[in-house]
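The values are calculated or read from the model by the stated rules, or taken from the named source; none is laboratory data. Fair warning: this is a prediction, and the values are worked out from it, not measured in the lab. Backbone-built Cβ (ideal geometry, glycine too); neighbour counts: all protein chains shown.
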Amino acid sequence: MGLIESKRTERLYEQVVKTRKNCRFEDIERLLLALGFVVRKSGGSHVIFKRGDKTISVPNHRPVKEHYVEEVIRLTIELLNTG
């Protein structure tokens, strides 16, 4: 199996892609945690997630701006391609 090992994680990814213009922080957080990211820093208006040498900062706002959602999608695709 690839990086998206469970149907639940796959559904989370599809949900984020589908709602990219009106995505909730909680959906992005669940997806990143399911992909093996850990919360490195929480506090203030942004949460920083880390997995190996990959780091992403996501604002804890509702909805998350499309720019950040696109960054999460791009990072997910990159992880899928590198295994």
Going by the conditions given, is Arg8 on the phi < 0 side of the Ramachandran plot, of a type outside the set (A, V, I, L, M) and assigned to a strand (DSSP E or B)? no
Would you mention how many residues in segment 14-61 are in a helix (DSSP H, G or I) and either touching a residue at least 40 places away in the same chain (Cβ under 8 Å) or of a type in the set (D, E, K, R) (or both)? 11
Given the criterion out of contact with any helix residue (DSSP H, G or I) (no Cβ under 9 Å at 6 or more places or on another chain), of a type in the set (Gly, Ala, Ser) and at pLDDT below 90, identify the matching residue among Gly52, Gly2, Gly44. Gly44
